[in-house]
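**Q** Structure in structure tokens, see below.
Bear in mind that the values in this text are calculations on the coordinates, not laboratory data. Note that the structure is a prediction, hence the values are computed from the model and not measured. Every residue, glycine among them, receives a Cβ derived from its backbone with ideal geometry; neighbour counts consider all protein chains shown.
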Ligand code: 1WB
Ligand code: MN
């Protein structure tokens with residue numbers, strides 16, 4: 001058995017009743033977003049019979065004080081880094097989204113200040129209004145003392161490579177606060193063949209969506225303009241670490257023939273300089289070993305993905321991972337403390 005070890009889980013989903021209710025309204029409304037399958041199951045409570053509804057994630061999302069803390073205690077999990085679960089506020093109109101993001105941030109800050117060694121949190125913002133978002137981002141870090149940001153991938157089909165989002169990226173970089181890009185269902189432009197066999201969500205579509213998002217950012221040259229911007233991606237890097245050799249080679253070729261903008265660094269250099277990944281939802285020792293070798297031990301963080309993944313196997317996975325104890329300390333807490341500004345014990 002491993003000795004005493006601080007365990008900080010870094011992609012732990014959470015919500016508030018007001019956001020859940022607003023997502024219930026979207027679920028009953030006319031949206032044709034691929035997220036609707038998820039919303040109908042989780043947030044339209046008249047619809048609890050099948051699909052997502054049968055799994056009832058909502059109780060777990062709305063809870064911190066009861067079952068969540070009890071299980072954390074039982075398993076020796078010190079801390080959850082909470083984030084407003086997908087799709088966050090990104091399906092709402094700009095005003096609703098901005099107001100709900102601020103409300104969620106206030107509630108999150110209350111939870112974290114009540115139990116500063118048990119909960120930390122990633123703040124939400126509404127990309128629909130980039131300048132207003134930047135102000136909320138500053139409030140969330142400077143006043144509410146939250147630990148970074150959550151973005152649930154696309155916003156109305158648009159991605160962070162779009163210059164309209166520069167105020168958001170400038171705020172994150174200036175505040176030295178990492179943006180965690182979490183999945184939501186693929187945008188309308190990407191969703192076609194993902195609509196069958198449950199491929200819309202965590203099995204495949206989520207990774208395709210976030211992978212597409214971060215390749216757009218790297219290839220657009222976002223990290224030349226914002227060299228200190230740090231992005232976190234979950235699910236063992238959404239397959240990007242495994243693809244990176246080919247992404248790098250083919251991007252360089254595309255730059256050579258004028259099909260992609262010139263960048264100062266290679267795609268692989270951006271991955272190593274500007275990204276960290278977490279292990280959320282991927283309890284595969286081979287993938288972990290490869291990711292550590294690819295990105296470096298300082299760039300991989302432990303996460304559970306509660307309540308979508310159970311806590312216990314995630315702890316067993318990391319307790320028994322084929323790494324040294326010094327490495328396990330980094331994976332379990334040291335890297336999270338550094339990236340998300342969580343006070344060491
Ligand atoms: C699931 C997974 C659903 C995740 C989610 O809804 C999120 C799922 C927002 O397993 O059904 C996730 O974060 O991996
Ligand atoms: Mn998740």
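**Q** Find the Cα radius of gyration of the chain, compare it with 2.2 N^0.38 Å by division, and give the number to two decimals. Spell out each step's value before the answer.
**A** Details: Rg = 19.0 Å, N = 345, 2.2 N^0.38 = 20.3 Å.
Working it through for the chain, the quotient is 0.94.
**Q** When ranked by the protection proxy of mean other Cβ atoms within 10 Å per residue, highest first, what sequence do the peptides 222-232, 286-296 form?
**A** 222-232, 286-296
**Q** State, as an integer percentage, the relative contact order of the range 125-256 based on alpha-carbon contacts under 8 Å between residues 6 or more apart.
**A** Numbers: 153 pairs, mean separation 32.5, N = 132.
It rounds to 25 percent for the range 125-256.
**Q** State the antiparallel share, in %, of DSSP beta bridges confined to the chain, rounding to the nearest 5.
**A** That works out to approximately 5 percent antiparallel.
**Q** Also, I was wondering about something else. In bins 10 Å wide, starting from 0, what share of all Cα pairs of the range 248-340 does each bin hold, as a percent?
**A** The distribution over the range 248-340 is 15, 40, 24, 16, 5, 0, given as percents.
**Q** Which of rounded, prolate or oblate describes the range 221-281 when judged by the alpha-carbon gyration tensor and an a/c cut-off of 1.5? Display every interim value, and only then the final one.
**A** Numbers: a/c = 3.05, a/b = 1.51, b/c = 2.02.
Oblate shape, in that a/c is at least 1.5 and b/c is the bigger or equal ratio.
**Q** Rounded to the nearest 5, what % of DSSP beta bridges with both residues in the range 60-209 are antiparallel? Don't skip to the answer; put the middle values down first.
**A** Details: 1 of 9 bridges.
Around 10 percent of the beta bridges assigned by DSSP in the range 60-209 are antiparallel ones.
**Q** Counting just the Cα atoms, what span does the range 189-345 cover along each of its three principal axes? Round to the nearest Å and put the largest first.
**A** Its Cα atoms span 48, 39, 26 Å along the three principal axes.
**Q** Next up: Starting from the Cα gyration tensor of the range 179-248, multiply each eigenvalue by 5, take the square root, and state the resulting semi-axes largest first in whole Å.
**A** Each semi-axis is the square root of five times an eigenvalue, giving 23, 12, 12 Å.
**Q** Here's a follow-up. With 18 Å as the cut-off, how large is the P(r) tail for the range 17-168, expressed as percent of Cα-Cα pairs? Walk me through the intermediate numbers first.
**A** Details: 6896 of 11476 pairs.
Percent of Cα pairs beyond 18 Å in the range 17-168: 60.
**Q** Hey, what number do you get for the chain at 222 nm if only DSSP H runs of n ≥ 4 count, each worth -39500 (n - 2.57), divided across all residues, to the nearest 500?
**A** About -12500 deg cm²/dmol.
**Q** Mind ranking 79-90, 129-140, 253-264, 15-26 by how tightly packed they are, going by the mean number of other C-beta atoms within 10 angstrom, highest first? Kindly include the intermediate steps, with their values, before the conclusion.
**A** On the way: 79-90: 25.8, 129-140: 19.8, 253-264: 11.9, 15-26: 18.2.
Per-residue mean Cβ counts within 10 Å order the peptides as 79-90, 129-140, 15-26, 253-264.
**Q** Per-residue counts of other Cβ atoms within 10 Å, averaged by peptide: what ranking do you get for 213-219, 182-188, 163-169, highest first?
**A** On the way: 213-219: 21.7, 182-188: 23.7, 163-169: 17.3.
Per-residue Cβ counts within 10 Å, averaged per peptide and sorted highest first, yield 182-188, 213-219, 163-169.
**Q** Using the 10 angstrom Cβ neighbour count as an exposure proxy, how do 320, 32 rank, fewest first?
**A** The most exposed by this proxy come first: 32, 320.
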